[in-house]
Amino acid sequence: MTTLPELIPPRDPALAVGWRESRRTARRGQPDLPLAMALVTDGSQSTTTGVLRDAGVDVVGLLAPEPLESLAWAAEAGLHVLLAGPASPADEVLRAVADLAEEADLAHVVALDGRAWPTATHVAATVASLGRLTQVTVVGAPTGPGGRVEIVDLATRWCGEILAVCADRTAMPASALAPDAPVTLALLTASGATVLVNERMNGALDTATITVCGQRGRLVVQGRQVRHQDERGVQELVLPAATTHRPGLREATCDVVRATELEDPRLVRGATFHDLLAANRLLAAAGTSHQRGGWVEL
């Protein structure tokens, strides 16, 4: 039976290399051996540890979101790094850990619920059938930096690179999406589509109404339901519900497990620290737009 000290790497980087190789060898012979990783969390969600244990991970300790020393030690010690949510450390921390992890062939994964949302995956696979995209609207998006990261990630996956952002209500292409839904964030994407977002205090991805419009049709997303309208008429699809309270965390954990089992961090399918860095850059531009007015190019 594996004892607790064997799950914790030594602090000496030279010794940690040997520890990492011995863990890999042991996992080949003992597939049930628990996976050791560094979990970065602020502890605000009591369900985090339970989700990880349900996914087969033995949680031996937590790292706070700061400082850089803790995260750098995790990567130098040969631990895959999992960020439990889009609320992130400073950019220099993310960049340093991403660089260290890539140098050591380690996975660095950010848990985003949109990456584990079956509806979002379906839209990403279907959006090409709409022809050239013209507009995306989101009514009831989650507020705050974490909510914006989720929306930015969805917009990028569906519409391509984001070229400019606006958080100045006086400069929006449209002031509101409904009488009680003012536009609070606008994005211009590489596909040519403009994304107009209404954010609410109680908003969430799986309760928002999202409309994706193209030259040949449109998709309307409401939770598990997707309505596809084109020249053939209207088709409705109901997708599976989430199987856990934090689907993004479970999916990110599976990413780390997959990368460990197959010894290839490139197999990570979800968001990485580089994706979060790009989203943070856009959020900073949105802050500039809100303070100074107008659109801000990226």
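General observations
- Ordered from largest to smallest accessible area (heavy atoms of protein chains, 1.4 Å probe), the residues Glu92, Glu102 come out as Glu92, Glu102.
- Those GluC sites (Glu not before Pro) in segment 177-267 that DSSP places in a loop and that have at most 11 other beta carbons within 10 Å: Glu231, Glu263
- Residues in segment 99-111 carry Karplus couplings, in order, of 5, 4, 5, 5, 5, 9, 6, 10, 8, 10, 10, 10, 7 Hz; the curve used is 6.51 cos²θ - 1.76 cosθ + 1.60 with θ = phi - 60°, and Gly or Pro positions show x.
- In Hz, Karplus ³J(HN,Hα) per residue of segment 122-128 (6.51, -1.76, 1.60; θ = phi - 60°; x = Gly, Pro): 5, 4, 4, 7, 9, 4, 5
- Ellipsoid equivalent to segment 166-249 - semi-axes via the Cα gyration tensor, in Å: 24, 20, 12
- Stretched out straight at 0.36 nm per residue, the stretch from Ala284 to Arg169 would grow longer than its current Cα-Cα span by 39.7 nm.
- Diffusion coefficient (Stokes-Einstein, Kirkwood radius over C-alpha pairs, 25 °C, 0.890 mPa s) for segment 183-230: 205 µm²/s, rounded to a whole number.
- Unit charges at the beta carbon, dipole of segment 113-249: most positive-side option, Val183, Thr194, Met172: Thr194
- A Stokes-Einstein calculation at 37 °C with viscosity 0.692 mPa s, built on the Kirkwood radius of segment 86-243 over Cα pairs, returns a diffusion coefficient of 197 µm²/s.
The values are calculated or read from the model by the stated rules, or taken from the named source; none is laboratory data. Not measured: the values here are computed from a predicted model. Virtual Cβ from ideal backbone geometry, glycine too; neighbours counted across all protein chains shown. Quick note on the areas: whole protein, heavy atoms, side chains included, nothing else; ligands and nucleic acids left out. Shrake-Rupley method; radii C 1.70, N 1.55, O 1.52, S 1.80 Å.
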